[in-house]
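This report refers to the structure that appears directly beneath it.
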Amino acid sequence: MQDKELIQKIKLLKNISPNENWVISCRSKLAFRMEMERKQSILNKDLFTLKELFSFWQNPQSVFKAVYSFALIAVVVLGGGVLTAFGAMNSLPGTPLYPIKIAMEKARVVVSFSSENKIKLQAEMTDRRIQELNTVVGSQESLEQKSEKIGVVVSQLQEQLATAKNELPEVFNVKESKKMVDAARTMGEKAEQVEKTLARVKEILPQDVKQNMSDKLSAVAETASKTSTKAIEFMANSESDKKEVAAKVESRIQQTEEKIKIVGQKIGNSTATSTSDKLPITAVLIDQSEKVQKLVDEARINMDKNDVSAALETLKAATEIMNSTEKIADNVIADTNSKADNANKESAGNATTSTVQTGSESGEK
Amino acid sequence: MAKMEEKKFLDLYNENVAKIYRFIYFRVASEEIAQDLTSEVFLKAWQYINKPEIVFGLSLGALKQDKQLKNPRAFFYQIARNLVVDFYRQKDKAPISLDEITDKAIADKSESLIEKTDKSLEMDFIKQAMIQLSEDYQEVIVWRYLDELSIKEIAVILDKSEGAVRVVLSRALSCLKEVMKKKSIS
């Protein structure tokens, strides 16, 4: 027997693996222990706090002492882990338990052995991030706090969507189960939901916050779009219902067309307000948006010919061009706005100076 | 800063928990004991990183010098080895061989019954051959081919030179081949 063959046989023993639930619970216990140790070290530094906590020892009633001790131990030892885990699952960005929630979620993905489970978990996590995003946007916090928290959630979303996209197989394997197709479908839907939520967030945010986060939000929207397209591609290559796939492609075509309108409006705005030096750029933008429209029309023709993969490829190209067009349009608008702001400030400054001068002159008279 | 260290350690847990569990499981042949000892490995490792002075009874050999823990995986294996030895010492038991490992641990749910049976038979054959090897030979084979440790990493755990590890590994494979040949003839 060759060494290679022997090693292949040895590798069969790799199938021995720990129970997923145990791995998660063990990790949670470890994380909880670390947290408690950290808190204990902080507590040790503060003798006053420690004295306060154990002041019951000075109480002469031994019954009270015993009850208090038991309650304290029960809360810390028995309840702590569960409370931490429960608290973490409901935590929002900016709270101390939020990193634990994210770590617990990541641990679940790490210990999942099948790709479909990993994708399903990523879909669940994406759903949670969408809910968090909605909660943060709808909260009564200051804009600064909001934008910081939105930044945290959006970064998590970017990471999750990219991981899910990589996890989706490139080529459909006949052996792959129906579960994999279901997981891809769910992930695709969640990615689409992310795109819609981000568009809404962009509308709600004030101009200055939006401007600061523009790149980040656009990057996540792009990744979401790619993930969603890859999920549809996977479904198209699998034994999924052809009508369902066609409906999904049609929906993406419509979304792209809506985006063309939005970008068109932006180009219109930039043309109306920009100076003559920006006109060559706007001409390029108009040309690019026309190209996008042509590609979308081509995608429709491909769909009429039942060529789903060609339609998706054309849509991908259209989305790429449109995203770059939107970015340039945003930059032109931002540049024009900042120039207008500066001009306003300057004229306001000149007006104040002339008022002061007029005042001093009349005083002299 | 402390939080960063915790995060890094939890990432190390994610990367290594399955390997350490398997390593211990081969030695103790019990899911529960393997789980207990695996969690103990990570707790002891964390305690060592945090407060090396309170981790009593750990003979970490060459690793003890390496406070930066440049090779965490080797560090975990070293603790696991010591804990397994301690376990048998305390329980006054003889180490359990691979022979006692049940097939219930084979957890690939996606395969058909025939595939499972074929794989199970093949696994049983290799397992039977492995149990006839010495502990040293079993260990290097598991580390190199199941846990995919580099020769350098194995050398660190065993506190031997890389050349010595290569020799042991080569002898272990030859021995395993010989055993399998005899088994298939008989």
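The values are calculated or read from the model by the stated rules, or taken from the named source; none is laboratory data. Everything quoted here is computed from the prediction, not taken from an experiment. Cβ sites come from the backbone with ideal geometry, for glycine too, and all protein chains shown count toward neighbours. Note: areas computed on protein heavy atoms with side chains; ligands, DNA, RNA excluded. Shrake-Rupley method; radii C 1.70, N 1.55, O 1.52, S 1.80 Å.
Summary of values
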| read-out | value |
| --- | --- |
| Accessible-area ranking of A:Ile16, A:Ile281, largest first, probe 1.4 Å | A:Ile281, A:Ile16 |
| Mean separation of Cα contacts under 8 Å (6+ apart) over length of region A:107-264, as relative contact order % | 29 percent |
| Relative contact order (%) - criterion: Cα under 8 Å, at least six apart; region: region B:131-183 | 41 percent |
| Chain pair B, A: total accessible area buried, heavy atoms, 1.4 Å probe, Å² | 3700 Å² |
| Accessible-area value, B:Tyr145, 1.4 Å probe, nucleic acids and ligands omitted, Å² | 30 Å² |
| A:Asp335 - accessible surface, heavy atoms, 1.4 Å probe, Å² rounded to 10 | 60 Å² |
| Length gained when the stretch A:Lys261-A:Asp341 is fully extended (0.36 nm per residue, less Cα-Cα span) | 26.1 nm |
| FRET efficiency, 1/(1 + (r/R0)^6) with R0 45 Å, evaluated for B:Ser150 and A:Asn269 via beta carbons | 0.15 |
| Threshold 50 Å² - residues in region B:137-158 whose accessible area is reduced by that much or more when the chain is no longer isolated, probe 1.4 Å | B:Tyr145, B:Leu146 |
| Simple spin-label estimate for B:Glu178 and A:Ser25 in nanometres, 7 Å along Cα-Cβ | 4.6 nm |
